[in-house]
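Chemist: Take a look at the following structure, please.
The values are calculated or read from the model by the stated rules, or taken from the named source; none is laboratory data. The structure presented is a predicted model; accordingly, all values stated were derived computationally and were not measured. Neighbour counts are summed over all protein chains in view; Cβ atoms, including those assigned to glycine, are modelled from backbone coordinates with ideal geometry. These accessible areas exclude ligands, DNA and RNA; they are computed on the full protein's heavy atoms, side chains included. Shrake-Rupley method; radii C 1.70, N 1.55, O 1.52, S 1.80 Å.
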Amino acid sequence: MEMIKVERSSNVARIGYDSTTQELVVEFGLKSDSVSRYRYKKVPGQIAADLFVAESKGKFLRANVIPIYQCEKIDDAGNVIEWSDPTSGETCT
């Protein structure tokens with residue numbers, strides 16, 4: 001998945017979307033030693049497209065992604081570190 005660098009964001013560093021798997025990957029943190037990566041599952045393409053053009057990526061994520069979609073915190077290789085399911089009241093980040 002191609003990760004796109006986010007310009008002018010105080011918290012979101014890069015985002016990527018795989019339309020085949022409907023997975024959205026978001027890297028939070030602007031310093032390489034403090035980056036956290038999250039993979040959101042079953043995110044519709046329109047939500048991902050709206051995120052890519054949103055003026056504030058962080059606000060969009062907090063309103064339209066984080067509280068809705070299942071999430072996995074992942075390492076550099078894509079291995080799952082932890083996961084959450086918002087339907088049970090848990091959210092990532």
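Chemist: What strands (runs of 3 or more DSSP E), lying completely within segment 18-93, carry at least 3 residues that are open to solvent by 40 Å² or more (accessible area, probe 1.4 Å) and farther than 18 Å from Met3 by Cα?
Modeler: Of the strands (runs of 3 or more DSSP E) lying wholly inside segment 18-93, those with at least 3 residues that are open to solvent by 40 Å² or more (accessible area, probe 1.4 Å) and farther than 18 Å from Met3 by Cα span 80-84.
Chemist: Return the pairs, sorted by first residue and then second, in which the second residue is of a type in the set (Lys, Arg) and in a loop (DSSP other than H, G, I, E, B), the first residue lies in segment 59-79 and is within 11 Å of Arg39 (Cβ to Cβ), the beta carbons are less than 8 Å apart, and the residues are 6+ apart or on different chains.
Modeler: Tyr69/Lys41; Tyr69/Lys42; Gln70/Lys41; Gln70/Lys42; Cys71/Lys41; Glu72/Lys41
Chemist: Is it the case that segment 77-92 has a residue that's modelled with pLDDT under 85 and on the phi > 0 side of the Ramachandran plot?
Modeler: Yes, segment 77-92 contains a residue that is modelled with pLDDT under 85 and on the phi > 0 side of the Ramachandran plot.
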